[in-house]
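I have placed the structure first, in the form of structure tokens, so that the comments after it can refer back to it.
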Amino acid sequence: MLVELEGVYYRYPDSSDWVLKNINFKAGEGEFILILGPSGCGKSTLARVLNGLIPNFYGGLLDGKINIVGNDPRKVPTYEMSRHVGFVFQNPENQLFFTNVEREVAFGLENLGYPPDEIRRKVVKVLEEYDLLELREKSPFELSGGQQQKVALASVMALEPRVLILDEPTANLDPLSALKVLGLVKKKTLESKLATLVIEHRLEIVLPFAERVVVMAEGEIVYDGDPLGALERYGYLTGKPFIIRLIERLEKEGIQLKAKSLSPEDVAASLLDILERGVTRVGGN
Ligand SMILES: Nc1ncnc2c1ncn2[C@@H]1O[C@H](COP(=O)(O)OP(=O)(O)OP(=O)(O)O)[C@@H](O)[C@H]1O
């Protein structure tokens, strides 16, 4: 397991009650997990526990068993945690500081004391991987929202973290850029055996990538399971994604899709199967 939380409670220095209550959560290699829940339920607070900003930066009272890639954030400084846990903020502008993309990506590695030639090698590799090599001399602030998001992601990925947390990664992106960024993250999660946690409201875009959904409410985890179960119980939290509305609309017509998952590939395969075999209506109107 890369992440193990057992009976975790947390309160900020000025909170009147626990903000996280009895959190039991594990995440292993290659998992892509979507974290859902209404505003104020504790999603960002949970992310801060995982990257060590809680308690190292925020203070407060943190209780319970915590193991993040073999580390307890209460015993390890935040910069050391950043080696293991990559965190991409909702607004990438807030984590970009330098006058060119290359410097931006190199910064974290310099901070961790890597030798210059190793830094150069790692920077080029990550810039290539994220299709940013041509933009290496540009200021991150001249780039589009999608490109900035990729630079923020590349800067974090250059440190080769085992756990990746994305806080509303698609908030500033058009749907196509959002799909591209998430596709890249999903690929990386599987290839490098990361545990990736995505906090996101735009279910429509993230759901097809997630095999596991965690729903939080008032500081507790109230659901941890497959995406369909989460939608059945908590669909009202965010509105149903397009793909679910499509499946329900077809069911109304008596056409049942036998998709293995909600990924566009599986839904398309199921639709093609129907086209090939012809429609067999079951009930419906
Ligand atoms: N720095 C802080 N100091 C004190 N209380 C805080 C702090 N940050 C968040 N809180 C409180 O902790 C609770 C959980 O907030 P958190 O930001 O984790 O929720 P969230 O689910 O991420 O919300 P959103 O979706 O709006 O980002 C809320 O009641 C919030 O007011």
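Rule-based calculations on the coordinates, nothing more; no lab input. Values in this document were obtained by computation on a predicted structure and should not be read as measured data. Ideal geometry is used to build each Cβ from the backbone, glycine not excepted, and the neighbour counts take in all protein chains shown.
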Subject >> 3J(HN,Hα) from dihedral phi, the range 183-190, Karplus parametrisation 6.51/-1.76/1.60, rounded to Hz, x for glycine, proline >> reply: x, 5, 5, 4, 4, 4, 4, 6
**OP:** Rounded to the nearest 500, what is the 222 nm mean residue ellipticity of the chain from helices alone, with -39500 (n - 2.57) per DSSP H run of 4+ residues and division by all residues?
**Re:** -11500 deg cm²/dmol
Original post:
Which entries of Lys122/Lys180; Lys125/Lys258; Lys43/Lys193; Lys150/Lys252 show an alpha-carbon separation above 31 angstrom in the structure shown?
Top reply: Lys125/Lys258; Lys150/Lys252
Original post:
Given H placed 1.01 Å from N in the peptide plane, which residues other than close sequence neighbours of Ile165 have an amide H under 5 Å from its amide H?
Top reply: Gly86, Phe87, Val88, Leu197
**OP:** Calculate one ³J(HN,Hα) per residue across the range 255-261 by plugging θ = phi - 60° into the Karplus curve 6.51 cos²θ - 1.76 cosθ + 1.60, and present them in order as whole Hz with x for glycine and proline.
**Re:** 10, 9, 7, 10, 6, 6, 8
Original post:
Amide H neighbours of Ala217 under 5 Å, counting only residues 5+ apart in sequence or on other chains, H built in-plane at 1.01 Å?
Top reply: Val222
Original post:
Got a sec? Charge dipole of the chain, +1 on Cβ for Lys and Arg, -1 for Asp and Glu; which of Ile119, Leu153, Ile199 is way out at the positive end?
Top reply: Ile199
**OP:** Putting +1 on Lys and Arg Cβ atoms and -1 on Asp and Glu Cβ atoms, find which of Ser39, Asn22, Tyr10 reaches farthest to the positive end of the dipole of the range 4-52.
**Re:** Ser39
**OP:** Relative to the compact-globule scaling 2.2 N^0.38 Å, provide the ratio for the alpha-carbon radius of gyration of the range 3-227.
**Re:** 0.99
Subject >> Under 5 Å, built H, 5+ apart or other chain: amide partners of Glu29 >> reply: Leu2
Original post:
Efficiency by 1/(1 + (r/R0)^6): what FRET value for Leu275 and Asp14, r their Cβ-Cβ distance, R0 = 41 Å, to the nearest 0.05?
Top reply: 0.10
Original post:
Once you charge only the Cβ atoms, +1 for Lys and Arg and -1 for Asp and Glu, what is the size of the charge dipole of the chain about its Cα centre, to the nearest 20 debye?
Top reply: 260 debye
Subject >> Separation of the Ser261 and Glu191 label points, Cα + 7 Å toward Cβ, nm >> reply: 1.8 nm
